[in-house]
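What follows is a single structure, written as structure tokens, with notes after it.
The values are calculated or read from the model by the stated rules, or taken from the named source; none is laboratory data. On a predicted model such as this, the values are computed, not experimentally measured, just so you know. Cβ sites come from the backbone with ideal geometry, for glycine too, and all protein chains shown count toward neighbours. Areas reflect the complete protein model, heavy atoms only, side chains present, ligands, DNA and RNA absent. Shrake-Rupley method; radii C 1.70, N 1.55, O 1.52, S 1.80 Å.
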Amino acid sequence: ASTGTVELLPAPSSSANWTVGLPTDNGHDSDQVFEFNGTQAIKVPDGLVNTNLKEPFTISVWMRHGPGSHEKETVLCNSDKTDMNRHHYSLYVHNCRLILLLRQDPSEAENYKPAEFHWKLDQVCDKEWHHYVLNVEFPTVSLFVDGTAFEPFMVTEDYPLHPSKIETQLTVGACWQGGNARMAQFFRGNLAGLIIRSGKLENKKVIDCLYTCKEGLDVQLPEEVASAVKVDFNPNQSSLTVEGDDIGAFDKVMQHISYLNSRQFPTPGIRHLRISTTVKCLNEDACVAVPDAEGYVMVLQPEEPKISLSGIDHFARSAAEFESQEGVTLFPELRIVSTITREMEADAESEAAEGTDDDPTVQETVVSEEIMHNLDSCEVSVVGDELDSEHESLEVDVSQLQQRALEMSSSNLGLVITGVNTMANYEQVLHLIRYKNWHTEALFDRKFKLVCSELNGRYISNDFKVEVNVIHTASPVEHANNAMVQPNFINPVHHASVDLSGHNLVNAHQASVVPSAATIVIVVCVSFLVFMIILGVFRIRAAHQRSMRDQESGKENEMDWDDSALTITVNPME
């Protein structure tokens, strides 16, 4: 059901930002719920939907709408962007009626054709959630509400539109009036999961899959009462009816009614139950009335999964690889792991053996368990400057996506891969994402961020950030005596790759050519080191000579006489 679909009300994200201004509920258990209060509407980006009315297509939406008003309330509308107010196709509510408008292409012959399909439905105005599927295969349209087919009670005809070159604007929650440059016919209610799909849905099971919840009521009839009662379910199994005339059989059936929830991570909270009983008596005057009985089922909070992304987060590649046809793989060793943490009570026997009954600190053991489940989206975004489409891009093999029933959308902010699939398949696809840059002269590094989620953002992984450095190499200078000129401290490197502190350097044989700036720095450092060594040797030698002179002078002083009482006369001529 999800193949070939375009989601018009996606959860707000960097790549789908046209729903950012709409109020939403706090849940992320299914499709994001948006509120329209009669003053808000959105414009769908141009080019997102390319629906050809000549070919079959499907509109699907969840809608909750209150009592009808006398004004039209537009769910979806495609109208003139400028100059005029013509509606090409639209889905709207009017007086508890659901109406689909389809105006034919001007190229058609000018004769009357079906243009408006009307359905009068209680579901449109009962303030409850209902799922609507419209299969359009002109000139016929079929409607399914909660999986049940409804025929239109009225179909009106009209002429095709007049030819024009005016572009159209697709809107949700109101209709754009191009002549007045404003919105009109605002919707009041809640919408979720609004999609347009190329091709019609003929399989009833697929239509049921779109609206059926993964929780409901069930009953396993005992063999002895299977023939005594009649049990009927509504389409989504949210209610069942039991009919019969044997009270004992009724008791056994009621005891076997169960609540089922097949979600891997069920939504916690209360599920209200109500039992309404009607008694039919032969003597209607004395028939008994049975009051309703109410109760509830409490669904507990499940162990929430922790989605972890890991791999190489910092590496370097040569500029030539960025400019090559293949580009540079961003997540070559990415791993996606999901774990849940459970608190396990200590075993009673082990507690007795270890004497932990008196130790209040040993009560529970926290166990981390790896689990497998699906993902529904992964987003790769650029950290820093946006992508410049003139000289850089993010690419992935589209055929590999199609094989796994995944879809991709891209922008200058990054790319988003969507579709419910296993973590293993997402891993394989993410390994194929490549970054290419055709002008790396001024590029030294690029940073990216990867985030994956499950259940429409209910469970989100960690932010996995990757930094890619660009290795620039200078062209080797031709020299007549290159072998003699090459300094002794430069040793050619013959390894295929060298790993330096997490930087994987490829084509490392190019490192034998040292850039001129690096050569100057090395020469200065070596010269300074030699100078310091010579200075140190000189100072050590000077200190040694000074100590020798002090020792000799001390010995001479020991041999001097005590001549303080003598008078010596020296002839200066001698």
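All of V49, V61, V20 fail the test of being at pLDDT 80 or above, of a type outside the set (G, A, S) and within 21 Å of E379 (Cα to Cα), apart from V20.
Each residue in region 162-175 was checked for being touching a residue at least 40 places away in the same chain (Cβ under 8 Å) and either of a type in the set (K, R) or touching a His at 6+ places or on another chain (Cβ under 7 Å) (or both), and 2 pass.
Of all residues in region 270-284, how many are assigned to a loop (DSSP other than H, G, I, E, B) and either open to solvent by 70 Å² or more (accessible area, probe 1.4 Å) or in contact with a Ser or Thr (Cβ under 6 Å, 6 or more places away or on another chain) (or both)? Can you show your working first?
Pass one, region 270-284, residues assigned to a loop (DSSP other than H, G, I, E, B): 276-283.
Still in the list and also either open to solvent by 70 Å² or more (accessible area, probe 1.4 Å) or in contact with a Ser or Thr (Cβ under 6 Å, 6 or more places away or on another chain) (or both): 276, 278, 280, 282-283.
Total meeting the criteria: 5.
Please verify whether S324 is of a type in the set (S, T, Y), over 31 Å from the mean Cα position of the chain (by Cα) and surrounded by 10 or more Cβ atoms within 10 Å (Cβ to Cβ), treating the condition exactly as stated. Here the answer is no, as S324 does not meet what is asked. Look at (1) more than 29 Å from H130 (Cβ to Cβ); (2) open to solvent by 70 Å² or more (accessible area, probe 1.4 Å) and you find that A228 fails only one, number (2).
Residues that are in contact (Cβ under 8 Å) with a residue 60 or more places away in the chain and in a strand (DSSP E or B) do not occur anywhere in region 104-124. Among residues of region 133-166 being outside any loop (DSSP other than H, G, I, E, B) and of a type in the set (F, W, Y), the one that is most open to solvent (accessible area, probe 1.4 Å) is F150. Which residues, counting only those in region 253-269, are open to solvent by 40 Å² or more (accessible area, probe 1.4 Å) and part of a loop (DSSP other than H, G, I, E, B)? Matches in region 253-269: H256, S262, R263, Q264, P268. Within the option set N234, N190, being more than 30 Å from I257 (Cβ to Cβ) and either buried (at least 17 other Cβ atoms within 10 Å of the Cβ) or more than 28 Å from the chain's Cα centre (by Cα) (or both) holds for one residue only, N190.
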